[in-house]
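Heads up: the structure comes next, in structure tokens.
The values are calculated or read from the model by the stated rules, or taken from the named source; none is laboratory data. Only a predicted model underlies this, so the values are computations on that prediction, with no experimental measurement involved. With ideal geometry, Cβ positions are generated from the backbone for all residues, glycine too; neighbour counts draw on all protein chains shown.
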Amino acid sequence: MSTALESTESKASSHSVKGRSRGPRGPRENVMSRTVAMVIMGAFTLYFLVPIWWLVIAGSKDTGSILTTNPLWFADFQMFQNIGNLFAYRDGVYLEWLRNSALYAGVGGAVATLLAGMCGYALAKYRFRGREMIFNAVLGGVLVPATALALPLFLIFSKVELTNTFWAVFLPSIVSPFGVYLTRIFAASSVSDELLEAARLDGAGEVRTFFTVSIKLMSPALITVFLFQFVTIWNNFFLPLIMLRDESLFPVTFGLYSWNTQLNQIPELRSLVLIGALISIIPLIVAFLSLQKFWRSGLSAGAVK
Amino acid sequence: MKHTKTAAAAAVALLSSVTLVACSSSEDPSASTGPVDTSSCQPAGENVTLEFTTWIPGIEGVVDTWNAANPDIQVKVQTGPNGNGGTYKNFFNQIEAGNAPDLGQIEYDALPNFRVQDGLEDLGGCEEVLAAKDDFVDWTWSQVTLGSESSVYGIPQDQGPMALFYRKDLFEENGIPVPTTWEEYATAAQQVRDAGGYITNFSQSDINQFAGFVWQAGGSWFSTEGDEWSISLDSPESLQVAEYWQGLLDDDLVSTLPAWTDEWNNGYNSGEVWSWVSAVWGANSIASGAPDTSGKWAVAPAPQWTEGGSDAGNWGGSSVAVLKGSDHVYEAAKFALWLNTSDEALTALNEAANIYPATKEGLNLPVLQEGVEFYDGQPIYDVFAEASAQVIPDFTWGPTMTQVYGDVSDGFKNAVSGSGTLSSALEDGNASTIGALEAQSIPVAGE
């Protein structure tokens, strides 16, 4: 979806460039529709940004003034003290959670992307018996919500005594049916058979061809899959809730949730939950901003061919 | 054909073995009636490691003290969200999968649910547990025996006796006497309203607070006779309490802010809401939710239904139970007793998480005798200790409290927004609870 947005955006901008170069002779741009579009976009931007702004403000206050002062403006700026308290609380368990989330989402997302990429590529580029059946089965997997699988997974993992371990969250995270679907579609259109033929004639094996040639051509799709999977794992809450009991294995989302359920009893946790939530969204923002440019370069790399 | 036959035979064999197992296990408890049978509670005779799941923050430090002194019984703390936030569901899943922790924190109102689903080990075979009975405040003990003579399903950990928190300064300034009966409370409500405030906030979602009111009035929502449950959400006491609050709602004498929200905190912090009949742990909720009102609050015994009475209700409290499938009931019980009766553990728990102990001795902890700054130096825990002794021991929770809370809360929300009444919400809740029990094949008396 994000790629679609990107491309419409770039189309739109190229339109306006053309319109400008044509100068007054071109058709007049409809000011009305443009204003309406801007207003709607502005409203939505505000709608999405206000909660983050609220979080930034709340993260800068102490527990008392969170409730008693204007929620959308600073009162007593002590964000750094809050961060210090957060990192010190219970011997820095929050940092452990961050690390866990980074491992689950980062490594899990990378492995999931590789597996999905290989699978999608194979389904797109090789002919073998049962190909469509496998693809349809994977497609069926897209339709099953991950939440519905958590409990069966728990019972299976119990049998092999893997609950309450790193693997309990990691292993289910490295499968991405949607990734297989996306990479198959993308590989079918972006990796040409002629190119593969050329690579084979040059003596490259199938594996080498995949890792040197195909993977580059598929990179926009792979980046998309990685981002999606990263965000999915990062936000996956139900699986850790069911699988984990050891605090040192929690991902940050589940850890913060646990704290949040204790607010009635330990109200002092409020400021820690808020600053913790603020810090926990930073990796997501960084991931998006830094990976965005690969989308563009990837798309253009495909276009030059 | 042949295959299906063998499969069928295997299935029959499997089924019959299942029934056999079921029979033999159901015979066990009947064998243990009479003199205390301690066979279910024997020391393992070797070093054991217990798993203990609880959501009390900072309890690790307390457990470390135990571990240092008991190398043969090591306890590993596991944590998670609070019970209804997911931990109870996890317990049930883990019991099903056979890998539940040995010990789990379970609130009083959830114990019957675990009992009905056969999720608890009976500690009635442990002599030390039976001997500890008199250490605990009487009514907390009846919360963990669940109406049985010889069984104990958990060790009481904390309690939530209720009292009246009120804005001493505002009551004094306006010449309103502190109400000692609910009738006076209603009169005061009118005076407070005339002065521009609300005497309290009626929470549509804290059904366990409402249960505490009913508890204080001498009512109960459930009772058991053998295996059969009787449900009485619409008992006379229950309806009396409902009509009382309905009257306050109708006359706009109480606010109806959604509880535990910023709005609600602000209601108290800004001085719009003047009092709260709440449990002992509410002391911290006010202190953190209404920081600007420090030093202006005081605590008095809860208003009474009869003049000169001294009944108290309870809101909250939990136990430490031994979950089904634990191989070390004896050791688990021993640890749970230490955790919830020893001075060092109770003091540490109070420091770490404001746990208000369930033992008679625990209420005399030095830390609970001190004046509290937020309450203008009043030693507020004295009031709660008195209330604790006055809590009626007969209140029984049902096996489907999550459903009860949900259904009654829906009804209360409607009543607050003007459709239906609190009484009709309780009557509807009564009917839906009977349905919920029947749906789970839990026997209901008279059905």
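Between B:Ala332, B:Ala336, B:Ala302, the distinction of being under 15 Å from B:Gln216 (Cβ atoms) and aliphatic (A, V, I, L, M) belongs to B:Ala302 only.
Selection of first residues in the range A:147-158 that are at the interface with chain B (Cβ under 7 Å from one of its Cβ atoms) and under 17 Å from B:Ile95 (Cβ atoms) and of second residues that are assigned to a helix (DSSP H, G or I) and β-branched (Val, Ile, Thr), restricted to Cβ pairs under 6 Å at least 6 apart or on distinct chains, gives the following pairs, ordered by first then second residue: A:Phe154/A:Ile242. A single entry from A:Ala102, A:Ala148, A:Ala112, A:Ala137 fulfils the requirement of being within 27 Å of A:Leu269 (Cβ to Cβ), part of a helix (DSSP H, G or I) and hydrophobic (A, V, I, L, M, F, W, C): A:Ala102. The set of residues in the range A:248-299 being within 13 Å of chain B (Cβ to nearest Cβ), of a type in the set (A, V, I, L, M) and not in a loop (DSSP other than H, G, I, E, B) consists of A:Leu249, A:Leu256, A:Leu269, A:Leu272, A:Val273, A:Leu274. If you take the residues of the range B:397-423 that are surrounded by fewer than 19 Cβ atoms within 10 Å (Cβ to Cβ) and touching a Gly at 6+ places or on another chain (Cβ under 7 Å), which of them is nearest to B:Asp234 (Cα to Cα)? Across the range B:397-423, the extreme among qualifying residues is B:Gly420. From the set of residues in the range B:248-306 that are closer than 24 Å to B:Tyr381 by Cβ, in contact with a Lys or Arg (Cβ under 8 Å, 6 or more places away or on another chain) and of a type in the set (A, V, I, L, M, F, W, C), which is surrounded by the fewest Cβ atoms within 10 Å (Cβ to Cβ)? Top of the filtered list is B:Ala298. Output the qualifying pairs, or none if there are none: Cβ atoms under 6 angstrom, residues six or more apart or on different chains, first residue in the range B:64-76 and more than 17 Å from B:Gly104 (Cβ to Cβ) and not assigned by TED's automatic domain parsing to the domain that holds B:Ala352, second residue in a loop (DSSP other than H, G, I, E, B) and at pLDDT below 95. So the pair list comes out empty. A single member of B:Ile56, B:Ile106 is surrounded by 16 or more Cβ atoms within 10 Å (Cβ to Cβ), at pLDDT below 95, under 17 Å from the mean Cα position of the chain (by Cα) and of a type in the set (A, V, I, L, M, F, W, C), and it is B:Ile56. Out of (1) free of Cβ contacts under 8 Å to residues at least 24 places away in the same chain; (2) over 30 Å from A:Leu86 (Cα atoms); (3) among the aromatic types (Phe, Trp, Tyr), the odd one out for A:Phe210 is which? Failed condition: (1).
Selection of the range B:245-273 for residues being of a type in the set (Val, Ile, Thr), within 19 Å of B:Phe171 (Cβ to Cβ) and part of a loop (DSSP other than H, G, I, E, B) yields only B:Val254. Residues in the range A:159-174 that are within 13 Å of chain B (Cβ to nearest Cβ) and in contact (Cβ under 8 Å) with a residue 60 or more places away in the chain were compared, and the one that is surrounded by the fewest Cβ atoms within 10 Å (Cβ to Cβ) is A:Thr165.
Among the residues making up the range B:53-109, a single one is more than 20 Å from B:Gly154 (Cα to Cα), part of a loop (DSSP other than H, G, I, E, B) and acidic (Asp, Glu): B:Asp72. Of B:Ser417, B:Ser409, B:Ser424, all but one fail to be modelled with pLDDT under 95 and either out of contact with any Asp or Glu (no Cβ under 8 Å at 6 or more places or on another chain) or among the acidic types (Asp, Glu) (or both); the exception is B:Ser417.
Here is the figure for the range B:81-100: residues that are facing chain A (nearest Cβ under 10 Å) and closer than 23 Å to B:Ala358 by Cα total 5. Across the range B:131-149, a minimum of one residue is classified as surrounded by 17 or more Cβ atoms within 10 Å (Cβ to Cβ), within 20 Å of the chain's Cα centre (by Cα) and in a strand (DSSP E or B).
Of the residues making up the range B:307-325, those that are among the hydroxyl-bearing types (Ser, Thr, Tyr) and surrounded by fewer than 21 Cβ atoms within 10 Å (Cβ to Cβ) number 1. In summary, A:Thr113 fulfils each of the numbered conditions (1) modelled with pLDDT under 90; (2) away from every other protein chain (no Cβ under 14 Å); (3) under 28 Å from A:Asn235 (Cα atoms) with the single exception of condition (1).
Within the range B:330-377, if we keep just the residues that are touching a residue at least 24 places away in the same chain (Cβ under 8 Å) and touching a Pro at 6+ places or on another chain (Cβ under 6 Å), the residue that is farthest from B:Asp37 (Cα to Cα) turns out to be B:Ala353.
Inside the range B:34-53, residues that are loosely packed, with under 12 Cβ neighbours inside 10 Å and modelled with pLDDT under 90 make up a count of 4. Condition first: farther than 25 Å from B:Asn99 by Cβ and acidic (Asp, Glu). Now tell me which residues in the range A:239-274 satisfy that. Once the filter is applied, which keeps residues that are farther than 25 Å from B:Asn99 by Cβ and acidic (Asp, Glu), the range A:239-274 yields only A:Glu268. Scoring B:Tyr166 on the criteria (1) hydroxyl-bearing (Ser, Thr, Tyr); (2) assigned by TED's automatic domain parsing to the domain that holds B:Ala321; (3) under 29 Å from B:Pro303 (Cα atoms) leaves a single failure, condition (2). Considering the range A:186-199, and only residues there that are in contact (Cβ under 8 Å) with a residue 40 or more places away in the chain and part of a helix (DSSP H, G or I), the residue that is nearest to the chain's Cα centre (by Cα) turns out to be A:Phe186.
Scanning the range B:123-151 for residues that are of a type in the set (S, T, N, Q) and in contact with an Asp or Glu (Cβ under 8 Å, 6 or more places away or on another chain) yields B:Ser142, B:Ser151. Mind checking whether some residue in the range B:113-121 is in contact with a helix residue (DSSP H, G or I) (Cβ under 8 Å, 6 or more places away or on another chain), more than 7 Å from chain A (Cβ to nearest Cβ) and at pLDDT below 95? Within the range B:113-121, one or more residues are in contact with a helix residue (DSSP H, G or I) (Cβ under 8 Å, 6 or more places away or on another chain), more than 7 Å from chain A (Cβ to nearest Cβ) and at pLDDT below 95.
If you check B:Phe136, B:Phe171 for being among the aromatic types (Phe, Trp, Tyr), touching a residue at least 60 places away in the same chain (Cβ under 8 Å) and farther than 18 Å from B:Ser319 by Cα, only one passes: B:Phe171. Mind listing whichever residues of the range B:67-77 are surrounded by 19 or more Cβ atoms within 10 Å (Cβ to Cβ) and either more than 9 Å from every other protein chain (Cβ to nearest Cβ) or not aliphatic (A, V, I, L, M) (or both)? Selection gives B:Ile73, B:Val75. Taking first residues from the range B:433-447 that are on the phi > 0 side of the Ramachandran plot and partners that are surrounded by 12 or more Cβ atoms within 10 Å (Cβ to Cβ), the Cβ contacts under 9 Å between residues at least 6 apart in sequence or on separate chains come to B:Gly446/B:Glu228; B:Gly446/B:Ser230.
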